[in-house]
1. Take the chain, mark every one of the trypsin sites (Lys or Arg not before Pro) that falls in a DSSP loop and has at most 13 other Cβ within 10 Å, then report the longest stretch left between them, sites excluded.
2. With Rg and the Kirkwood Rh both taken from Cα atoms, where does Rg over Rh land for the stretch 486-622?
3. Could you give the accessible area per residue of the chain, probe 1.4 Å, as a whole number in Å²?
4. Mind checking the dipole of the chain: about its Cα centre, +1 per Lys or Arg Cβ, -1 per Asp or Glu Cβ, Debye to the nearest 20?
5. Given an 8 Å cut-off on Cα distances and at least 6 residues of separation, report the relative contact order of the chain as a percent.
6. Please pull out the direction-averaged projected area of the stretch 76-123, using the convex hull of its alpha-carbon atoms, in nm² to one decimal place.
7. Filter the GluC sites (Glu not before Pro) in the stretch 21-114 down to the DSSP loop ones having no more than 16 other Cβ atoms within 10 Å, then list what survives.
8. Using 1/(1 + (r/R0)^6) with R0 = 22 angstrom and r between the beta carbons of Val505 and Ile409, what's the FRET efficiency to the nearest 0.05?
Amino acid sequence: MTSSPLTYSLRPYQQEAVNATISHFRKSHAPAVIVLPTGAGKSLVIAELARLAKGSVLVLAHVKELVEQNCEKYRQYDDNVSIFSAGLSEKNSSAKIVFGSIQSVARNLDQFSRIFSLVIIDECHRVSMNEDAQYWTVIHHLKSHNEHLKILGLTATPYRTGSGWIYQAHQPLNTIRTTEETPFSLCIYELTLKKMINDGYLCKPILLNAPVAFYDFDKQSSQSSTELLTHSLETDEESLNAIVRASHRATAKICAQIISLSNDRKGVMIFAATVEHAKEVYGYLPKNNSAIVLGDMSNKARDSVIQAFKSQAIKYLVNVAVLTTGFDAPHVDVIALLRSTQSASLFQQIIGRGLRLSPNKTDCLILDYAQTPFDLYQPEINDKKPSKDSVVVEVPCPLCNHTNQFWGIVDNDGDLVEHYGRRCQGIIDIKTNYQDLSQQRTLQQCSYRFRFKQCPNCNEENDIAARRCTHCNHVFIDPDKRLKEALQLKDIMVIRCGGLSLSKVQLSKGTRLQVTYHDEDGAEVSEFFAFDNPKQVYAFQKYFVRLHWRPSNISIESAVSTMNTVDAAILHSHQFRAPDFVIARQRKYSHKREKASAPKQWEVMEKLFDYEGPHRKAFEEF
């Protein structure tokens, strides 16, 4: 006699995630993502969605542990389920709900030729845009039988190192994440790690501020991303081994401190840099209370070690990039990082191993011996941090009122001095064809730009890195080429602009605003603006203020409305940023006699902002 299936009660946020999914797929076929922190119970959300689905469902994961874990949760609802995973010694695709490993499914597509209504991908940040990847092979095959296949991904970390976000828009926040092509269209639900901890669903991480020693991974991490990507795994292993060998004494001290600090704790997971390093660390731990898990171990040996750790027969578990996902041991209350990572995603996965709730567990001690550069609550996965003093700041859009998050600089009082945002991330229109779900959602990003490149042909504002005008298709001259050409012409002067100043001058035609651009070596070039009539005021506001305004907490729109005199413009001089380069040409005279007697005068031709290239800017070292 078989026992009747048990049922679980979903937590409020789990039910919200389920509701968001149902609501989305009733209106759209667009691939969607749910973001839940490690330990939030993604398996229960998957189980509930599979239970509610009217058609067949395929749940994919990249490791056998996740396949088994997700399947076991669903079995609490219903026994009509099968597993398709070579690692679990079962390949059965006959049930309505199939839990499979991506490797096994991709190699046996002929067994998945019926109609599936929904495919769920666990740890979906592993899905790349490579059309030859196994995930896309499976998806294209399933779509050949059902073109309206629904695709849902779940992850704690919705980004990939090197390529960024895995979805384009965050629907709850009404925010565009990227305009690049991504595997998923929308994030339809997200629960933050901080809220999970504050609401008591995860335990609090305690970061030790002063470990006894550090590993110096700076040399390896200072390599460019291109260098890191082109290195083979063997080369990386060799460089890491060289670092830890040079830190032999540090390893002994670190292990002694880990043992001391975990004296009254239950489970310690240690993440080592290499196999050689892991074996060295293991050598310093209590032999009768420690174990090591390596990638080349047999499944039987690895399962035996993991089971011993989960049952608390051993206290210390050392591993190398093996137990970052699909591993559930709630009693773990110490995480020790003895390896570096340039991946915010991996960092969060590692820390997440210790944040699950367990009886008599109040917190998890985080011992970071690699000086990991990420903030656990807000990993830096957006645009590259412009400077070490940059912090995340909130910037409202003057056009759509969306609250953006950009890198910025604040003063000692916490007030915004300047931010580095380019364009508002707000979504001002999401159009859905409710009658024809085959139509993808159209995401319209707010058009307001905080920084821009103005087209000389039509005055359209474009992204600062644009090569062609989005309005008139005018091709922009490459700034490096422009500078190189200008430096070779005798009647052209190039200013490496170190600053600008505004002053009021009296000319023969009346009072003018003089804007002077200062070279680092003392050379100067000026341009003049008249305020005699509304057209001249408008020209100043559009062609100078918009280009030079330093994005900050002072709204340009409110400032422009009062900037209709020379004195008013000078009052705002601290808000104007200098260009990186100013290209000026010698003024042309109508008579040779006039040219011979007059001093050289220069006219501003072009100003280059936000320059990134080989030419040195003002006050930069060679």
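The values are calculated or read from the model by the stated rules, or taken from the named source; none is laboratory data. Since the model is a prediction, treat every value here as computed from it, not as a measurement. Methodologically, a virtual Cβ is constructed for each residue, glycine included, from the backbone with ideal geometry; neighbour enumeration extends over all protein chains shown. What goes into the accessible areas is simple: the full protein's heavy atoms, side chains included, and nothing from ligands, DNA or RNA. Shrake-Rupley method; radii C 1.70, N 1.55, O 1.52, S 1.80 Å.
1. Between exposed loop sites, the widest span is 115-383.
2. A ratio of 0.99.
3. Ligands and nucleic acids excluded, the result is 50 Å² per residue.
4. About 740 debye.
5. It comes to 10 percent, rounded to a whole number.
6. Average of the hull's projected areas for the stretch 76-123 equals 3.9 nm².
7. On the way: sites: Glu48, Glu65, Glu68, Glu72, Glu90; in loops: none.
Here no GluC sites (Glu not before Pro) fit, given the DSSP loop and packing criteria.
8. 0.10
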